[in-house]
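Report on the following structure.
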Amino acid sequence: MCKHILNAQVAIRAACCKKWFDCPECHAENANHPLQKTDEMVFMCKKCKKAFRKNADEYEDADEYCPHCDNHYVIEAKTPMAALGVEGDDARVDNRMIKDDRIKDQSQSVFTDNDLESRLG
């Protein structure tokens, strides 16, 4: 499982060490050598678990799909993003931090009911 690309559809076999990685960053973290560049790439589809080769020089639009199961593996990568959250106690025990959006806040009006009658005449 790749921590850099969350929706990786294929694993790539590195030509330098003949090991499978989900992305180049995973290779850089786990190997002690740089990734060797090559024209012929070997992929393993994560859907059907079958390997296939693609030549980068002859790459076409139809090559974006697994030849065995037609899984579209060239998609926009989803990378993990930092999330900002509120730390607090368990909301099931102490729910004072949770605001219920279904209840309208009554204090948003500038006028009170008594003041409203005198102003309208």
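The values are calculated or read from the model by the stated rules, or taken from the named source; none is laboratory data. Note that the coordinates shown come from a computational prediction; the quantities given were computed from them, not determined experimentally. Neighbour counts are summed over all protein chains in view; Cβ atoms, including those assigned to glycine, are modelled from backbone coordinates with ideal geometry. Side chains included, ligands, DNA and RNA excluded: accessible areas come from the protein's heavy atoms. Shrake-Rupley method; radii C 1.70, N 1.55, O 1.52, S 1.80 Å.
If you keep only loop residues by DSSP, which GluC sites (Glu not before Pro) in region 44-83 have at most 10 other Cβ atoms within 10 Å of their Cβ?
Answer in residue order: GLU60, GLU76.
Could you state the orientation-averaged shadow area of the convex hull built on the Cα atoms of region 1-89, in nm² to one decimal?
Details: hull surface 32.4 nm².
Approximately 8.1 nm², given one-decimal rounding.
For region 1-75: lysine pairs with Cα atoms under 20 Å, gap of 8 or more or different chains, count?
Value for region 1-75: 17.
From largest accessible area down, sort ASP57, ASP39, ASP22; use a 1.4 Å probe on the protein chains.
Result of the area sort, largest leading: ASP57, ASP39, ASP22.
Send over a whole-number figure in Å² for the accessible area per residue of region 1-40, probe 1.4 Å. Show your work: numbers first, answer last.
Values: 2750 Å² over 40 residues.
Ligands and nucleic acids excluded, the figure is 69 Å² per residue.
If DNA, RNA and ligands are ignored and the probe is 1.4 Å, what is the ranking of MET41, MET81 by accessible area, most exposed first?
MET81, MET41
Using only protein heavy atoms and a 1.4 Å probe, report how much of VAL74 is accessible, in Å² to the nearest 10.
60 Å²
Pick out, in residue order, every one of the trypsin sites (Lys or Arg not before Pro) in region 1-79 that is DSSP loop and has at most 13 other C-beta atoms within 10 Å; say none if there are none.
Hits after loop and neighbour filter: LYS3, LYS18, LYS19, LYS37, LYS49, LYS50, LYS78.
State the percentage of accessible surface on region 17-68 attributable to carbon and sulfur atoms; use a 1.4 Å probe and exclude ligands, DNA and RNA. Don't jump to the answer; show the numbers that get you there.
Details: 1850 of 3870 Å².
The computed percentage sits at 48.
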